[in-house]
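> Just passing along the structure, written as structure tokens.
The values are calculated or read from the model by the stated rules, or taken from the named source; none is laboratory data. The model shown is predicted, which means the values in this text are computed figures rather than measured ones. Positions of Cβ are generated from backbone atoms using ideal geometry, with glycine treated the same way; all protein chains shown enter the neighbour counts.
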Amino acid sequence: MQGAAGFIGLGNMGLPMATNLAKGGYTLRVFDIQPTVREQAAALDGVQAVASAAEVADGCEILFTVLPNDEIVTRTYLDDGGIASAAKRGLITCDCSTVSPQVTASIHGALKPKGVHHMDTPMLGSKPQAVSGEIFFIVAGEEENLAKIAPLLDVMGKRHMYVGASSTGNQIKLIHNILGAVNSVAVAEALALCAESGVDLETFQQVVADGGGMAFSTYFGKRVQRIIAGDYSPQFTLELMHKDVTLAMNLARASDTPVPIMEETLNTYAAGLEGGWRGEDFSAVTHVIEKRIGRTLSKK
């Protein structure tokens, strides 16, 4: 058996990540606000489900959180009954959530006087990578903590990279995600242009995917066939991508960086929320473009 670890947030990403740690021989203390999810986790060998974030922090040396937004991350760490209330000196907390750099800095500052080391460890990948253990972790904070958390990151992911001081990880993750979001809107517009011009979408898809040109991207490879099939089952929701794009835009505004293409991407994602597609995959931003041209792009 490996050492004890903690895990808070057992959603689409968190539960398979915790499952991989348990399968890797780590004993786990876990918490989620959903009782049914806690029960599901507790059925795994070596996993103890507890009733609060504080109970997780009280019983482990390394603790991971995977939570949806700034508010929930802040409450989980700093509210009464949260991590800070029970954390002991030497605890290393790893927040895998995508949150604003200000939230990371605030938590880091609040935990440091307690002798607790807070690392931002946001992830590249979605549910399939969480299940297969192929997440890429972007790691920031005090570099001397990396050696202790690396074995657990290696169980849950294919690679991790140390990028700098606290909150640097979240800065990079946000800029990465808004670049991906821009790509998703550009791909939808390209497909719309194909449809309106009489170009067969599958023929276009094959040329871009197999032609070796500059237009191909990971997003294109993983989503265009699904768009053509009308498959918007969520791997990473439109609502979460809108949240990330909003945080990235806040970063741009704080640094006074002009990003007009990103501004328009945020507007398009906002239209996706208004259109009722928040719970679909983020590729459902395509529906906004479909609405603009008055036709669907799928062959469904």
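> Show the residue pairs meeting these rules: Cβ distance below 9 Å; 6+ apart or different chains; first residue within the stretch 1-24 and closer than 16 Å to ILE135 by Cα and outside any loop (DSSP other than H, G, I, E, B); second residue basic (Lys, Arg) and at pLDDT below 95.
Close Cβ pairs satisfying both conditions: PRO16/LYS127.
> Then there's this: Among residues belonging to the stretch 21-55 that are within 22 Å of the chain's Cα centre (by Cα) and of a type in the set (A, V, I, L, M), point out the one that is surrounded by the fewest Cβ atoms within 10 Å (Cβ to Cβ).
ILE33
> Here is a follow-up. So, VAL56, is that one in a helix (DSSP H, G or I) and modelled with pLDDT of 95 or more or not?
yes
> While we're here: Go through the stretch 73-96 and give me each residue that's modelled with pLDDT under 95 and either over 11 Å from ALA57 (Cβ atoms) or part of a strand (DSSP E or B) (or both).
Matches in the stretch 73-96: ASP80 only.
> When you check SER106 against the structure, is it buried (at least 18 other Cβ atoms within 10 Å of the Cβ), under 14 Å from the mean Cα position of the chain (by Cα) and not assigned by TED's automatic domain parsing to the domain that holds LEU251, yes or no?
So SER106 does not fit the description; no.
> Which count do you get for residues in the stretch 193-214 that are exposed (fewer than 15 other Cβ atoms within 10 Å of the Cβ) and either in contact (Cβ under 8 Å) with a residue 40 or more places away in the chain or not β-branched (Val, Ile, Thr) (or both)?
12
> Give ASP70, ASP95, ASP58 a once-over and let me know the one that is among the acidic types (Asp, Glu), crowded, with 24+ Cβ neighbours inside 10 Å and in contact (Cβ under 8 Å) with a residue 24 or more places away in the chain. Break it down stepwise before answering.
Working: ASP70 fails: crowded, with 24+ Cβ neighbours inside 10 Å; ASP58 fails: crowded, with 24+ Cβ neighbours inside 10 Å.
Among ASP70, ASP95, ASP58, only ASP95 is among the acidic types (Asp, Glu), crowded, with 24+ Cβ neighbours inside 10 Å and in contact (Cβ under 8 Å) with a residue 24 or more places away in the chain.
> Step by step: first the residues of the stretch 142-175, then only those that are free of Cβ contacts under 8 Å to residues at least 60 places away in the same chain and in contact with a Gly (Cβ under 8 Å, 6 or more places away or on another chain), then the one that is surrounded by the most Cβ atoms within 10 Å (Cβ to Cβ). Which residue is that?
GLY157
> In the stretch 134-165, how many residues are in contact with an Asp or Glu (Cβ under 7 Å, 6 or more places away or on another chain) and not in a strand (DSSP E or B)?
Number of matching residues: 1.
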